[in-house]
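The structure appears right after this line, and notes come after that.
The values are calculated or read from the model by the stated rules, or taken from the named source; none is laboratory data. Everything numeric in this text was worked out from a predicted model, so none of it was measured. Please note: Cβ atoms are built from the backbone with ideal geometry, for glycine as well, and neighbour counts cover all protein chains shown. All accessible areas refer to the heavy atoms of the entire protein, side chains included, with ligands and DNA or RNA removed. Shrake-Rupley method; radii C 1.70, N 1.55, O 1.52, S 1.80 Å.
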Amino acid sequence: MILKSISLNSFRNYNDLQWEPHTGINFITGLNAHGKTNLLEAIFFSVLGYSFRKKSSEVINWHSNNASITATYQLSNINIDISILIEQGGNKKILINGSEEKRKYLPGRLGIVLFRPDDLQIIKGPPSGKRDFIDYNIGVIEPLYWQNLTQYRRVVEQRNHLLRNGSGHNDSFQIWNESFYRYGAEVLAGRIKLLKKYIPLVQKMYTDITGGHEELEMKYLSTLKVTGKTSIEQIILEFIAEGKTRQKEELYKRQTVFGPHRDDISFLINKKDARYYASQGQIRSIALALKTAQIQLFYNENGEYPVLLLDDVLMELDDFRQHYLLLLINNHVQSFVTTTAMPDKISQFTNRVYLINNGILREVI
């Protein structure tokens, strides 16, 4: 997927921007707080319909009532024209090739990869961060997974509401339980299916990064006893059995204590838990492997490389890891790399360099 052009109006500190980026690696330089991340946010927004920051309404310039993004993407030999109007309160109007559509029809599942410094915290962070990484970064590839996940979250919220109110024994709770088992099984099976494709890619990337000197294992830790061969109906039976076992605990704690929303992922380097034993260099290698594997997964699933957004993360990597990443994406992946300085050592990978100053973008190379 290639971003051919993008226009912004009243988006963050961009009053009026018209831009046609290079199809290769675009370096975006400038001082902090001048709009580098805002530009990546707009690209991300144009293909997924939401911000990677906080509320969508916050992207609107303070002196305007709305903001707009207009972008054209190329998929194979087909152009997709996207227009998004963001209104106060977060309401959005999305047009795809001139027709109003829902957010789910945007081309996000066809490929966009975001790599930020926060991603370096995934490995040692809480389970919620690992689940979010899978759901928001890998899960977008499969629309049905997202539909089931949305329903599952709604069911868990309602189930928790009933538990908090002491209604864990009534008929209504049992009705919600049936949905909890069904959607929970679908989400769990969907995650396992995605990870079976993704984990081998992560392991290969890590092996390449470390020159084969280290072995990475990535394990999905479910609160239920399932394997990659477990069917949906079998998982439902596991949910029912676990529900009976944990019933007293749930009534006491007044919350849902098992299910995909409680699962975790572990990373082992040479059989040792990375949370406790990995060095900073190893953590960076795992994070880099996760992102480069994500790029490869998009290509495997869609036949096209995704758009890559690197937000102030390149300088977090040492020279070897920088070179590995840039060599991997060079001539394959349209990339947008923000940095406060442009090191000479990576100039060989440069297709375009832009400078941002107070929301004004100009080409310098």
In region 215-259, how many residues are more than 26 Å from residue 169 (Cβ to Cβ) and polar (S, T, N, Q)?
-> 5
Can you tell me how many residues in region 1-21 are open to solvent by 10 Å² or more (accessible area, probe 1.4 Å), touching a residue at least 60 places away in the same chain (Cβ under 8 Å) and not in a strand (DSSP E or B)?
-> 3
Are any of the residues in region 36-48 touching a Lys or Arg at 6+ places or on another chain (Cβ under 6 Å) and either of a type in the set (Val, Ile, Thr) or in a loop (DSSP other than H, G, I, E, B) (or both)?
-> no
Please find, among 293, 274, the residue that is open to solvent by less than 10 Å² (accessible area, probe 1.4 Å), modelled with pLDDT of 90 or more, touching a Ser or Thr at 6+ places or on another chain (Cβ under 9 Å) and over 18 Å from residue 352 (Cβ atoms).
-> 274
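Tell me, please, whether a residue that is without any contact (Cβ under 8 Å) to a residue 12 or more places away in the chain, in a strand (DSSP E or B), of a type outside the set (Val, Ile, Thr) and farther than 19 Å from residue 336 by Cα can be found in region 59-74.
No, that holds for no residue.
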Of 154, 182, which residue is more than 30 Å from residue 284 (Cα to Cα) and loosely packed, with under 15 Cβ neighbours inside 10 Å?
-> 154
Inspect all residues belonging to region 22-33 and state whether any of them is part of a helix (DSSP H, G or I), at pLDDT below 95, of a type outside the set (Gly, Ala, Ser) and under 22 Å from residue 60 (Cα atoms).
-> no
Subset of region 105-131, residues open to solvent by 40 Å² or more (accessible area, probe 1.4 Å) and among the basic types (Lys, Arg), comes to 109, 116, 124, 131
State whether the residues of region 237-257 include one that is open to solvent by less than 80 Å² (accessible area, probe 1.4 Å) and basic (Lys, Arg).
-> yes
Within the group 79, 148, which residue is in contact with an Asp or Glu (Cβ under 6 Å, 6 or more places away or on another chain), of a type in the set (S, T, N, Q) and either more than 18 Å from residue 46 (Cβ to Cβ) or not in a helix (DSSP H, G or I) (or both)?
-> 148
Taking region 300-335 as the region of interest, how many residues are among the hydrophobic types (A, V, I, L, M, F, W, C) and modelled with pLDDT of 90 or more?
-> 5
Every pair of residues 6+ apart whose Cβ atoms lie under 7 Å, when the first sits in region 209-236 and is open to solvent by less than 50 Å² (accessible area, probe 1.4 Å) while the second is of a type in the set (Ser, Thr, Tyr) and modelled with pLDDT under 90 = 209/324
Restricting attention to region 336-353, and to residues there that are within 30 Å of residue 9 (Cα to Cα) and open to solvent by 10 Å² or more (accessible area, probe 1.4 Å), which single residue is modelled with the highest pLDDT?
-> 352
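Which members of region 157-179 meet the condition of being aromatic (Phe, Trp, Tyr) and open to solvent by 90 Å² or more (accessible area, probe 1.4 Å)?
Matches in region 157-179: none.
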Residue 203 being surrounded by 13 or more Cβ atoms within 10 Å (Cβ to Cβ), assigned to a helix (DSSP H, G or I), without any contact (Cβ under 8 Å) to a residue 12 or more places away in the chain and not hydrophobic (A, V, I, L, M, F, W, C) | no
Checking 102, 92, 55 in turn, the sole residue that is exposed (fewer than 14 other Cβ atoms within 10 Å of the Cβ) and at pLDDT 85 or above turns out to be 102
